[in-house]
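A short write-up of the structure that comes next.
The values are calculated or read from the model by the stated rules, or taken from the named source; none is laboratory data. All figures in this text were calculated on a predicted structure; none of them were measured in a lab. We place every Cβ from the backbone using ideal geometry, glycine too, and count neighbours over all the protein chains shown.
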Amino acid sequence: MTKKIDLSGVLTAITVPIIGLAIFTIMWSVAAGQVKTSLGHFPSPAEVYRQFNNLVVEHREEREKAAAFYARQEKRNAKWLAADRPDKVRHRAYTGKETFFDQILTSILTVFVGFLLGAIIAIPIGIVSGLSNFAYQALNPIIQILKPVSPLAWLPLVTMVVSAMYVSNDPMFAKSFVTSAITVTLCCLWPTLINTSVGVSSVEKDLMNVSKVLNLGWLTTVRKIVLPSSIPMIFTGLRLSLGIGWMVLIAAEMLAQNPGLGKFVWDEFQNGSSNSLGRIMVAVIVIGIIGFGLDRGMLLLQRWLSWDKTAILR
C-alpha cells in the first residue's frame with residue numbers, strides 16, 4: 001500500500017517558517033529606520049536586496065572583462081604563431097579583482113580543507129582514546145587546555161609558522177589560504193575528537209566481547225563493530241566542528257586577508273561608503289545561509305551512512 005501524505009503537516013511545515021520570516025522582515029524594516037550610524041541608516045531588507053543585485057551585476061561585469069582579456073590573449077598568440085614566432089606566445093591568468101561570488105567559493109573551499117584535515121586527525125585519535133583508558137587519561141588534559149583557545153590566539157602563531165615553513169617560488173596555495181585553513185583545523189578538532197571518543201567508549205560491551213570470541217583483529221573490530229555503533233556520535237561531533245569551523249573562518253579571513261567572505265566584510269568596513277552597510281548585511285545573510293546548508297548537508301550524509309535511516313532532520 002502507498003503511504004498517505006499528511007497534507008496538513010506539509011502545509012504547516014511550509015507556512016509556519018514563511019510566517020516567521022515575514023514577521024522577522026517586518027520587524028527588521030521597522031528597526032532599521034530607527035538606527036542611524038555614521039554611514040546612514042541601518043540597511044533595510046530592500047536596501048540589502050538592492051546591494052545583492054549590485055553584487056550580481058559586478059560579478060557579471062568582471063566575468064565579461066575576464067572573457068575579453070582571454071579573447072585578446074588568444075588573438076595575440078594566434079598572430080604570433082601565424083608569424084612563426086612561438087617565443088612571443090604568452091599565457092597569463094586574468095588578475096582582476098575577486099567578486100563576491102568568487103569569495104564565497106574561496107570561503108567554502110577553505111572551510112572544507114580545514115574541516116577535512118581536522119576530521120582526519122580527530123577521528124583516529126578519538127577512536128584510540130575511546131578504546132584505551134590510558135590514552136584517554138593522557139590526552140584529556142591536553143584537550144581540556146587547548147579546546148577553549150580562541151582562533152584569534154592561534155592565528156598569529158599559525159601565520160608565523162606558515163611564513164617560515166611554507167616557502168616556495170611557485171606555491172600551490174596562497175599563504176593566506178593555508179593560514180586560514182590551518183586555523184580552522186585547530187579550532188574544529190575538539191568537538192569531533194571528544195564526541196568520537198565518547199561514542200566509541202559507549203559501544204555495548206557485548207559487541208566488544210563478540211569480537212574477542214571471534215578473535216577479530218583490532219582494525220576489523222574498529223571497522224565492523226566500533227565505527228557502525230558510534231557513527232551517530234561521530235557525526236554529532238562533525239556537525240559541531242563544521243559549524244565552529246565556519247564561524248572561525250570568517251574571523252581568520254579578516255586577519256589573514258584570505259580572499260573570502262571574511263575579507264569581503266573587512267574590506268567593506270574599511271571602505272566606509274554609503275553602500276558598505278548594505279553589502280556587509282548581504283554577506284551576513286549569505287554566511288548564515290551557507291552555515292545552515294552545511295549543517296543540513298552533514299545530516300543528510302549521516303542518514304546515508306548510518307544504519308538508522310529514521311533520523312529526523314532538526
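Considering segment 277-312 alone, what residues qualify as being modelled with pLDDT under 90 and small (Gly, Ala, Ser)?
306, 311
Which condition breaks for residue 106 when tested against (1) part of a helix (DSSP H, G or I); (2) surrounded by 15 or more Cβ atoms within 10 Å (Cβ to Cβ); (3) not assigned by TED's automatic domain parsing to the domain that holds residue 277?
Among (1) part of a helix (DSSP H, G or I); (2) surrounded by 15 or more Cβ atoms within 10 Å (Cβ to Cβ); (3) not assigned by TED's automatic domain parsing to the domain that holds residue 277, the lone unmet condition for residue 106 is (3).
How many of the residues in segment 222-280 are more than 16 Å from the chain's Cα centre (by Cα), aromatic (Phe, Trp, Tyr) and within 22 Å of residue 53 (Cβ to Cβ)?
1
Pairs only if they're at least six apart or on different chains, beta carbon under 7 angstrom, first in segment 29-53 and touching a residue at least 60 places away in the same chain (Cβ under 8 Å), second in a loop (DSSP other than H, G, I, E, B) and of a type in the set (Val, Ile, Thr); list them, first residue then second.
42/35
Is one or more of the residues making up segment 207-227 buried (at least 17 other Cβ atoms within 10 Å of the Cβ), within 30 Å of residue 42 (Cβ to Cβ) and either touching a His at 6+ places or on another chain (Cβ under 8 Å) or assigned by TED's automatic domain parsing to the domain that holds residue 133 (or both)?
no
Could you tell me whether residue 104 is out of contact with any Ser or Thr (no Cβ under 7 Å at 6 or more places or on another chain) and closer than 30 Å to residue 205 by Cα?
no
Considering only residues that are without any contact (Cβ under 8 Å) to a residue 40 or more places away in the chain and either of a type in the set (Ser, Thr, Tyr) or in contact with a Gly (Cβ under 7 Å, 6 or more places away or on another chain) (or both), look in segment 144-190 and name the one that is nearest to residue 261 (Cα to Cα).
150
Please go through segment 133-165 and give me each residue that is surrounded by 15 or more Cβ atoms within 10 Å (Cβ to Cβ) and among the hydroxyl-bearing types (Ser, Thr, Tyr), ordered by number. Please lay out each step first, then the result.
Start the filter on segment 133-165 by keeping residues that are surrounded by 15 or more Cβ atoms within 10 Å (Cβ to Cβ), which leaves 135-136, 139, 143, 151, 154-155, 158-159, 162.
Hits for segment 133-165 are 136, 159.
Does residue 38 satisfy the criteria of being loosely packed, with under 10 Cβ neighbours inside 10 Å and either modelled with pLDDT of 85 or more or polar (S, T, N, Q) (or both)? Full working, then the answer.
Numbers: loosely packed, with under 10 Cβ neighbours inside 10 Å: yes; either modelled with pLDDT of 85 or more or polar (S, T, N, Q) (or both): yes.
It is true that residue 38 is loosely packed, with under 10 Cβ neighbours inside 10 Å and either modelled with pLDDT of 85 or more or polar (S, T, N, Q) (or both).
Hey, can you tell me all the residues within segment 13-71 that are touching a strand residue (DSSP E or B) at 6+ places or on another chain (Cβ under 9 Å) and more than 21 Å from residue 287 (Cα to Cα)?
Those that are touching a strand residue (DSSP E or B) at 6+ places or on another chain (Cβ under 9 Å) and more than 21 Å from residue 287 (Cα to Cα): 33, 34, 35.
Out of segment 168-181, which residues are farther than 11 Å from residue 248 by Cβ and part of a helix (DSSP H, G or I)?
175, 176, 177, 178, 179
Given the criteria of a type in the set (Lys, Arg), surrounded by fewer than 22 Cβ atoms within 10 Å (Cβ to Cβ) and touching a helix residue (DSSP H, G or I) at 6+ places or on another chain (Cβ under 6 Å), does residue 239 qualify?
The answer is yes for residue 239.
Does segment 113-132 include one or more residues that are more than 30 Å from residue 197 (Cβ to Cβ) and either in a helix (DSSP H, G or I) or assigned by TED's automatic domain parsing to the domain that holds residue 289 (or both)?
No, segment 113-132 contains no residue that is more than 30 Å from residue 197 (Cβ to Cβ) and either in a helix (DSSP H, G or I) or assigned by TED's automatic domain parsing to the domain that holds residue 289 (or both).
Output yes when any residue across segment 236-258 is farther than 23 Å from residue 158 by Cβ and assigned to a helix (DSSP H, G or I), and no when none is.
Yes - at least one qualifying residue is present in segment 236-258.
Just to be sure I understand the filter: pairs with C-beta atoms under 6 Å, separated by 6 or more residues or on different chains, first member in segment 280-292 and assigned by TED's automatic domain parsing to the domain that holds residue 247, second member β-branched (Val, Ile, Thr). Which pairs pass?
Going by the 6 Å Cβ cut-off, the qualifying pairs are 280/265; 281/48; 282/48; 283/265.
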